[in-house]
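Engineer: Below you will find the structure I want to go over with you.
The values are calculated or read from the model by the stated rules, or taken from the named source; none is laboratory data. Note that this is a predicted model, so its numbers are computed, not measured. Glycine also receives a Cβ, built like all others from the backbone with ideal geometry; neighbour counts cover every protein chain displayed. Please note that ligands, DNA and RNA were not included when accessible areas were found on the heavy atoms of the full protein model with its side chains. Shrake-Rupley method; radii C 1.70, N 1.55, O 1.52, S 1.80 Å.
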Amino acid sequence: MAIDYRPGQTTRHLFDRIAPRYDLLNRLLSFGIDRRWRRAAVQALALPADARVLDAATGTGDVALTVAAAHPRIQVVGVDLSANMLHAARPKLGPARGRISLVQGSCESLPLAAAVCDGAVIAFGIRNVIEREAALKEFYRVLKPGGRLVVLEFSRPTRPLLAGLYRCYSRHVLPRIGSLLSDGAAYRYLPDSVDVFPTRQAFLAMMQAAGFRQVRHHDLTGGIVTLYCGARPVSDLCPRLSDSDRPA
Ligand SMILES: C[S@@+](CC[C@H](N)C(=O)[O-])C[C@H]1O[C@@H](n2cnc3c(N)ncnc32)[C@H](O)[C@@H]1O
């Protein structure tokens, strides 16, 4: 089945289909390294003990759980388009249940007030968000001045040997395992969507255009994934006016 890259229904249906075996495939296909990547993303948030954190595109909640594990007073809001992904997340919450709320919603129009989060994170999600500029502006809007955004996303490795090996793995091995255990089309979509994702520098420029400062990136595992960090400036004490709010 071909994947339609337009926003909305397709992404939701794709993740609805793969939700039941999403975690299993993550562990298998990454050889378990995905957990380390998520921990690195949460560390990069450098959260205070009583932080309120947005986990955008939370999926089955692995990042939300990693954030909640960082301190017993941290509160997390996990937002995702897919009802089935959130359904798979709920039984995993365990003792953190009271501190993690899961809400169905979109990154482009977050169900949160302005300047309420100390940190925002999105792991393996921004690649699937079609209106990326809108989503980045939403992350900025919900962050308090000084709050950090951390984006964890697949990248194209820069070293030719690793790039070749990884390309072969992601083009040939990954879709086969995906179709055996879950949904082949969805796991063919993964390397396709990594190929069309902006370069590291282009994505940093998008973060800057959304208002983030101190933007930087850091490659993990030879550049198979990249961590992007930025902050809403401390000096930005007033929420930004949208065009429709601006005085005429
Ligand atoms: C690859 S999963 C990542 C899930 C999780 N963050 C993780 O680390 O495993 C991508 C998730 O992004 C969600 N998603 C895609 N586009 C979205 C959007 N525009 N708004 C909210 N969630 C979205 C999908 O439903 C899916 O659960």
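Engineer: Using the crude model of +1 on Lys and Arg Cβ and -1 on Asp and Glu Cβ, and no other charge, please compute the dipole size for segment 42-140 relative to its Cα centre, in debye to 20.
Structural biologist: With Lys and Arg at +1 and Asp and Glu at -1, about 320 debye.
Engineer: When 1/r is averaged over all different Cα pairs and the result inverted, which Kirkwood radius in Å belongs to segment 24-87?
Structural biologist: Final number for the Kirkwood radius of segment 24-87 is 12.4 Å.
Engineer: While we're on this one: Give the residue from ALA56, SER101, LEU24 lying farthest towards the positive end of the charge dipole for the chain; charges sit on Cβ (+1 for Lys and Arg, -1 for Asp and Glu) and the dipole is referred to the Cα centre.
Structural biologist: LEU24
Engineer: When only DSSP loop residues count, what chymotrypsin sites (Phe, Trp or Tyr not before Pro) in segment 22-85 have their Cβ near at most 12 other Cβ atoms within 10 Å?
Structural biologist: PHE31
Engineer: As a check on your grasp of the helix formula, calculate [θ] at 222 nm for the chain: sum -39500 (n - 2.57) over DSSP H runs of n ≥ 4, divide by the residue count, round to the nearest 500.
Structural biologist: The per-residue figure over the chain is -11500 deg cm²/dmol.
Engineer: A further question on this structure: Stokes-Einstein D for the chain at 37 °C, 0.692 mPa s, Kirkwood Rh over Cα pairs, in µm²/s?
Structural biologist: 179
Engineer: Would you list ILE33, ILE130, ILE122 from the most to the least accessible area, probe 1.4 Å?
Structural biologist: I get ILE130, ILE33, ILE122, largest accessible area first.
Engineer: Still on this structure, please answer the following. If I take every Cα pair under 8 Å that is 6 or more residues apart in segment 1-102, average their sequence separation and divide by the length, what percent do I get for the relative contact order?
Structural biologist: Here the relative contact order equals 27 percent.
Engineer: So what is the accessible area of the chain per residue, in Å², with the probe set to 1.4 Å?
Structural biologist: Value returned for the chain: 48 Å² of accessible area per residue.
Engineer: For LEU102, what residues show an amide H to amide H distance below 5 Å, using hydrogens built from the backbone and excluding near sequence neighbours?
Structural biologist: GLY78
Engineer: Anyone know which of HIS172, HIS217, HIS87 comes out most mobile in the 10 Å Cα GNM of the chain?
Structural biologist: HIS172
Engineer: Share of segment 115-199's accessible area from carbon and sulfur, percent, 1.4 Å?
Structural biologist: Looking at segment 115-199 in its full context, I get 59 percent from C and S.
Engineer: If I build a Gaussian network model for the chain, linking alpha-carbon pairs within less than 10 angstrom, which residue out of LEU149, LEU181, LEU220 has the largest mean-square fluctuation?
Structural biologist: Largest GNM mean-square fluctuation: LEU181.
Engineer: How big is the charge dipole of the chain about its Cα centre, in debye rounded to the nearest 20, if each Lys and Arg gets +1 on its Cβ and each Asp and Glu gets -1 on its Cβ?
Structural biologist: With only Lys, Arg, Asp and Glu charged at Cβ, the dipole is about 560 debye.
Engineer: Identify which of VAL53, VAL173, VAL215 has the largest mean-square fluctuation in a Gaussian network model of the chain, with springs joining Cα atoms closer than 10 Å.
Structural biologist: Ranking VAL53, VAL173, VAL215 by mean-square fluctuation puts VAL173 first.
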